[in-house]
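A.B. asks: Have a look at this one.
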Amino acid sequence: MWVKKELEILNNEIYVIIGAKAAKRLFPNENFEDLVFKDNLWNGKLTIVLPHPSPLNRRWIKAHPEFMNKRIKEVRSCIHEIIGKEEK
């Protein structure tokens, strides 16, 4: 009930949203897969949506090899840039 209000109060440089249920709260009219594979904006800030790391999601990750092969590298790069570290 309070998640959106709490997030508005925080002054994050980036939001990392884990799982379809959390993504649906912030982006109710968007497809989860579309959210995962693009950079999103919420509250004017970069918002990365990731699949939940649960073992139950192995099927989703297996069905979307581009997530591990490409997207996760893009996400790491964004995070490293924001926290000011060089990517290794």
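A.B. asks: Distance from the Cα centre of the range 1-67 to that of the range 70-85, in angstrom?
C.D. replies: The range 1-67 and the range 70-85 have Cα centres spaced 15 Å from each other.
A.B. asks: I would also like to ask the following. Kirkwood Rh over Cα pairs of the range 10-51 into Stokes-Einstein at 20 °C, 1.002 mPa s: D in µm²/s?
C.D. replies: Working: Rh = 10.1 Å.
The calculation lands on 212 µm²/s.
A.B. asks: Relative contact order of the chain, please, whole-number percent, based on alpha carbon pairs below 8 angstrom and at least 6 residues apart.
C.D. replies: Details: 68 pairs, mean separation 23.3, N = 88.
Once divided by the residue count of the chain, the mean separation gives 26 percent.
A.B. asks: Using a Debye calculation, one point per C-alpha and no hydration shell, please list log10 I(q)/I(0) for the chain at q = 0.12, 0.15, 0.19, 0.20 Å⁻¹ in order.
C.D. replies: -0.38, -0.60, -0.93, -1.02
A.B. asks: Roughly speaking, to the nearest percent, how much of the chain's 1.4 Å accessible area is carbon and sulfur? Before the final figure, lay out each step's value.
C.D. replies: Values: 3580 of 6560 Å².
After summing per-atom areas, the C and S share lands at 54 percent.
A.B. asks: Probe of 1.4 angstrom, ligands and nucleic acids ignored: what's the accessible area per residue over the chain, in square angstrom?
C.D. replies: Numbers: 6560 Å² over 88 residues.
Per-residue value: 75 Å².
A.B. asks: Hey, another quick one. Could you give the dipole magnitude of the chain about its Cα centre, charging the beta-carbon of Lys and Arg +1 and that of Asp and Glu -1, in debye to the nearest 20? Working shown, then result.
C.D. replies: Values: 16 positive and 12 negative charges, 84 e Å.
The dipole of the chain has a size of about 400 debye.
The values are calculated or read from the model by the stated rules, or taken from the named source; none is laboratory data. Given the structure is predicted, the values throughout are model-derived calculations rather than measurements. So basically every Cβ, Gly included, is an ideal-geometry build from the backbone, and we count neighbours across all protein chains shown. Surface areas here come from the heavy atoms of the whole protein model, side chains and all, with no ligands, DNA or RNA. Shrake-Rupley method; radii C 1.70, N 1.55, O 1.52, S 1.80 Å.
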